[in-house]
1. Pairing the Cα long axis of helix B:277-292 with the longest principal axis of chain B, what angle in degrees results, from 0 to 90 and rounded to the nearest 10?
2. Would you please give the FRET efficiency between residue A:62 and residue B:131, computed as 1/(1 + (r/R0)^6) with r the Cβ-Cβ distance and R0 = 51 Å, to the nearest 0.05?
3. Using the Cβ atoms and a cut-off under 12 Å, what net charge is assigned to the surroundings of residue A:86, where Lys and Arg are +1 and Asp and Glu are -1?
4. Using 1/(1 + (r/R0)^6) with R0 = 60 angstrom and r between the beta carbons of residue A:177 and residue B:280, what's the FRET efficiency to the nearest 0.05?
5. For peptide B:198-209, compute the average count of partner chain beta-carbon atoms within 10 Å of each residue's beta-carbon.
6. Can you give me the distance in nm between label points at residue B:178 and residue A:193, each placed 7 Å from the Cα along the Cα-to-Cβ direction?
7. Alpha carbon centre of segment B:216-255 versus segment A:162-178: separation in Å?
8. Run the simple label-point estimate for residue A:164 and residue B:272 please: 7 Å along Cα→C-beta, distance reported in nm.
Amino acid sequence: MLELEKITKKFGGIVALENISFQIIENEILGLIGPNGAGKTTLFNIITGLYRPDRGKVIFDNQNLCKLPVYRIARRGIARTFQTTKLFFNLSAEDNIRIGCEVMGRIPEDQDIRNLLSLVELESKRKKLVHQFTCAEQKRLMIALAVCLQPKLLLLDEPTAGMSAEETLETLEMLDNLRKDGTTILLIEHNMRAVSKICDRVVVLNFGKLIAEDSPGEIMKNQKVIEAYLGEENVLVA
Amino acid sequence: MIEKKFSSITCLLLGAGGLVSIAPLFIGQYFLHIIIMVSIWVLLIVGLNFVVAMGYNSICQAAFYGVGAYTAALLTLRVGTPFWVSLILGMFLAGGAGFLIGYPAFRMRGHYFAIVTLAFGLILNLLFFNLNTITGGDRGLTGIFPPFPFFSVVWYYYLVVGFALAAIFISHKLFKSRFGRQLVAIREDEDLATQIGINTKKCKLTCFSVGACFAGLAGGLMVHYINFIHPEFFTFGYSFTMLIGVLIGGAGSTIGAILGTGIAVGLPEIFRFAGQGRYIILGIVLIVTVSFLPRGIAGTIVHYFYQKKSRGE
């Protein structure tokens, strides 16, 4: 579905990504992990067109996305969430979703909006202004906003950050349901329990380089990954 | 969405239309003149409001007003085109100028955008002053008369007020539409708006060009009304007054634009006895409004109801 071919991105003298190549297969959940500054969010920004790679290609449904503007990439079916919450804060949850649906050319009925919000358990708060929401609620609404764009590929940047264990479980369940409905997911996550629970495969980045790509079980045993990112204690916990 | 509370504007417009049609029976020429000038300002401020609604403060609306006015005047005087053709070409040329200026200007945001538009406004105004052979320079141009029956103040009143009501109707429909909600999205978070698939560049250029078209139409109407044109009518001071009107009234709201027009035109008129001091009063009103009602008067009222609705659930 999505193929990254030798993506390289530099910011001045800093090499943020170097020769990154991997594929995302339709209907899978692919985890993207690595320490802070590894280049995970930069990779998201390249896939969504916010940054242009210095070298390499992003092929989505057999088309190179590198020269398309950001909004066209979104309309082709790639939606994302952000590490720092980004929403239309002075509007209600309902209006956030309405704007998203309308961008995709649909005129949403009230029931459609309710259904979408019930997916992230925010139906009862649909008329509330977003800045009144808790951090976890905002994160969930951000996922709903991405989902209402009916993406083929959903990029989630730390969707469970700042959530309690219970909220994390609920979010993971929701992601699993999305996958069942046919959405492919690329997930940046630091919570290794969550990664091993939900991801089919995991790609590990370190200092802009791809150091491993395997199933979560194998990644946990990979010595390079343990040294660069996980640490022995975290592997035991996960 | 946000303007649902004012969905009765159609009824208000019909009522206003009724009042407008019978007003000349009861009021004298002086008040008709005032209403004509206010209606021209409604066109200007409603047009500017499309841009400010997205969070972009443009300071060159008076320049587009000038482009429309000079185009209409020159076509009428030098080419002898019919009134309607001059008016429409003036409107479209101003829209074209809006597109050409908007294209580079929208590479900037915030204060930088305002500065770039201010610069373009100053350049156009300098051209109006210095292209003597075309614009008449500091002497201006005279003898720009409308055709029969519009040289009668009453008929011209119907014409201009008709355009102003149509502009209000278009503005209201636009802000209530899907496109209007995209403008709100751009104002709230332009990066997010792009990321969810809104073609923000197209939206911004469309609004800027349409706003310029409104200003161009206002220019054509004004010049045929006062039969005279001078570059002094299009200085950046007027652009500032229009922006002040939008900010005080409330950007992104048609009611706000109408209120803003009332304040930007009415306040200096009421305090005319204070001489240039009347602009100090307008400035104080602006400072008080942006300090205590950053959404403007209408914007604050609309937001209050919007919040109340959100608390009710």
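1. Orientation of helix B:277-292: about 20 degrees from the principal axis.
2. Values: r = 55 Å, r/R0 = 1.07.
The calculated FRET efficiency here is 0.40.
3. Working: positive: A:80, A:139; negative: A:157, B:188, B:189, B:190, B:191.
For residues surrounding residue A:86, the net value is -3.
4. Working: r = 62 Å, r/R0 = 1.04.
The formula returns an efficiency of 0.45 here.
5. Values: counts 8, 7, 3, 2, 1, 0, 0, 0, 0, 0, 0, 0.
Going residue by residue through B:198-209 and averaging, the value is 2.
6. According to this spin-label approximation, the distance is 4.4 nm.
7. 54
8. The two pseudo-label positions are separated by 6.7 nm.
The values are calculated or read from the model by the stated rules, or taken from the named source; none is laboratory data. Just so it is clear, the structure is predicted and the values come from calculations on it, not from any experiment. Glycine also receives a Cβ, built like all others from the backbone with ideal geometry; neighbour counts cover every protein chain displayed. For accessibility, only protein heavy atoms count, side chains too; no ligands or nucleic acids. Shrake-Rupley method; radii C 1.70, N 1.55, O 1.52, S 1.80 Å.
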